[in-house]
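Visitor: Encoded as structure tokens, here's the structure I'll be asking about.
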Amino acid sequence: METKKLEESESYKGNCLHSICLHESGCKPSGCRMDNGTLSCGYYQINKAYYEDCGQPGGKGEEAWKECSDDYNCATTCVQA
């Protein structure tokens, strides 16, 4: 029974992340653009403050933030943090 709940939870999480990705970028590496007065980048339109809060999974620095945001796996890791 617990395994089924875990599978349903993972499926829901995957659907939710995909919906966010589609809304923010069409789920494509979109580079950076101004979004509500803040530079936001990549699949999930991650801004630098959000990137720092998620633990900087792609490393520290301006370029690491932008590169991570345009890498689906890295950006998804950040959003899941």
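The values are calculated or read from the model by the stated rules, or taken from the named source; none is laboratory data. Remember, it's a predicted structure, so these values are computed and weren't measured experimentally. Neighbour counts are summed over all protein chains in view; Cβ atoms, including those assigned to glycine, are modelled from backbone coordinates with ideal geometry.
Visitor: Suppose we filter region 58-75 for residues that are buried (at least 19 other Cβ atoms within 10 Å of the Cβ) and assigned to a loop (DSSP other than H, G, I, E, B); how many remain?
Guide: 2
Visitor: Determine the pairs where a residue that is in contact (Cβ under 8 Å) with a residue 24 or more places away in the chain and over 23 Å from Leu22 (Cβ atoms), located within region 38-63, has a partner that is among the β-branched types (Val, Ile, Thr) and outside any strand (DSSP E or B) with Cβ atoms under 9 Å apart, the partner being 6 or more residues away or on another chain.
Guide: From residues that are in contact (Cβ under 8 Å) with a residue 24 or more places away in the chain and over 23 Å from Leu22 (Cβ atoms), the pairs are Gly55/Thr77.
Visitor: Would you please name the residue that is modelled with the lowest pLDDT, looking only at residues in region 8-37 that are of a type in the set (S, T, N, Q) and exposed (fewer than 12 other Cβ atoms within 10 Å of the Cβ)?
Guide: First, pick out the residues of region 8-37 that are of a type in the set (S, T, N, Q): 9, 11, 15, 19, 25, 30, 36.
From what is left, the residues that are exposed (fewer than 12 other Cβ atoms within 10 Å of the Cβ) are 9, 11, 15, 19, 36.
Values: Ser9: 54, Ser11: 67, Asn15: 87, Ser19: 94, Asn36: 90.
Restricting to residues being of a type in the set (S, T, N, Q) and exposed (fewer than 12 other Cβ atoms within 10 Å of the Cβ), the top hit is Ser9.
Visitor: A further question follows. Is there a residue being modelled with pLDDT under 95 and not aliphatic (A, V, I, L, M) anywhere in region 40-60?
Guide: Just the residues of region 40-60 that are modelled with pLDDT under 95, to begin with: none.
No, the conditions are met nowhere in region 40-60.
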